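The values are calculated or read from the model by the stated rules, or taken from the named source; none is laboratory data. Source: prediction; values computed, not measured. Here the Cβ positions follow ideal geometry from the backbone for every residue, glycine too, while neighbour counts run over all protein chains shown.
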Amino acid sequence: MQEKRPFPPSQLLIHLLAWLPLLWLLWAYWQNQLGFNPVRAMTLRTGKTALILLLLSLTCTPLNLIFGWKWVYRLRRPSGVYAFFYAALHFLTFVGLDYGFDLALVGDALRSNRFTLVGLASFLILLPLAATSTRRAMLWMGEKRWRWLHRLSYLAAALAVLHYALLVRQYYTQPIIFGAVLALLLGVRLVVRKSASSKDP
Ligand code: HEM
């Protein structure tokens, strides 16, 4: 009989941590603590959480490359899927709560604001990544094609950072920090991979 594997504590932690921002948001809404524009507060919080979780999922490979921590790979899928979950909530808040599901108005808003178009591009990339995040999808696609597709998560993150940078008008510190973190993660990945391949006989 197959031995039942216990749920690893690291995975339990990521599930608990990922639900916290939503519970906190609902609590703040319930307590009327979202300020004079609760819909905007919801949009900002879900967007920020999506970006943080996306960067968290991209941190797993560099951590394994530098420290050899294979266990971090267990966190990559859940954090990526939760990033998509918050991005979907973000999009639904925009379409449903902000624009009352009026698709003509949503279309106008998307066309007239560059930052929403860039956000949409990021979301559209995250969609197939979330849909193919299972092991079964990887087997169905073949590992090579699956890996190629999932490298697009860097592009989705870069577009999300650009979306953020385009929407702020004055305080660029946070988009710059997120952009620097993304550049560092990508840089580590490229440098370590390159030095490993140059050592191959
Ligand atoms: C689906 C298309 C998207 C639309 C229509 C959209 C729309 C918006 C809007 C309207 C805002 C608030 C702007 C403001 O009131 O100042 C915003 C903020 C933001 N969005 Fe999006 N977004 C989209 C996708 C995404 C995605 C995929 C991510 C991340 C993965 C993201 C991350 C953010 C961040 C980080 C902020 C700023 C949060 C803050 O200032 O605290 N967005 N977005």
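A compact table of results
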item	result
Of the criteria (1) among the hydrophobic types (A, V, I, L, M, F, W, C); (2) surrounded by 19 or more Cβ atoms within 10 Å (Cβ to Cβ); (3) free of Cβ contacts under 8 Å to residues at least 60 places away in the same chain, which one Phe101 fails	(2)
Given (1) closer than 16 Å to Leu54 by Cβ; (2) within 16 Å of the ligand (Cβ to nearest atom), number of the condition Leu110 does not satisfy	(1)
Filter result (free of Cβ contacts under 8 Å to residues at least 40 places away in the same chain and in contact with a Phe, Trp or Tyr (Cβ under 7 Å, 6 or more places away or on another chain)) within segment 141-173	Ala165
Members of segment 45-86 that are in contact (Cβ under 8 Å) with a residue 60 or more places away in the chain and near the ligand (Cβ under 8 Å from one of its atoms)	Gly47, Ala50, Leu51, Leu54, Tyr86
Set Ala156, Ala131: member being at pLDDT 95 or above and away from the ligand (no atom under 11 Å from the Cβ)	Ala131
Residue check for Ser133: more than 23 Å from Gln174 (Cα to Cα), exposed (fewer than 13 other Cβ atoms within 10 Å of the Cβ), out of contact with any Asp or Glu (no Cβ under 6 Å at 6 or more places or on another chain) and of a type in the set (Ser, Thr, Tyr)	no
Single match in Ile125, Ile177 (criterion: closer than 18 Å to Leu55 by Cα and either away from the ligand (no atom under 11 Å from the Cβ) or surrounded by fewer than 13 Cβ atoms within 10 Å (Cβ to Cβ) (or both))	Ile177
Helices (runs of 4 or more DSSP H) fully within segment 27-121 counting 3 or more residues that are among the small types (Gly, Ala, Ser), at negative phi and under 16 Å from the mean Cα position of the chain (by Cα)	38-67, 73-92
Matching residues in segment 57-88 - criterion: being over 16 Å from Leu182 (Cβ atoms), surrounded by 16 or more Cβ atoms within 10 Å (Cβ to Cβ) and of a type in the set (Lys, Arg)	Arg77
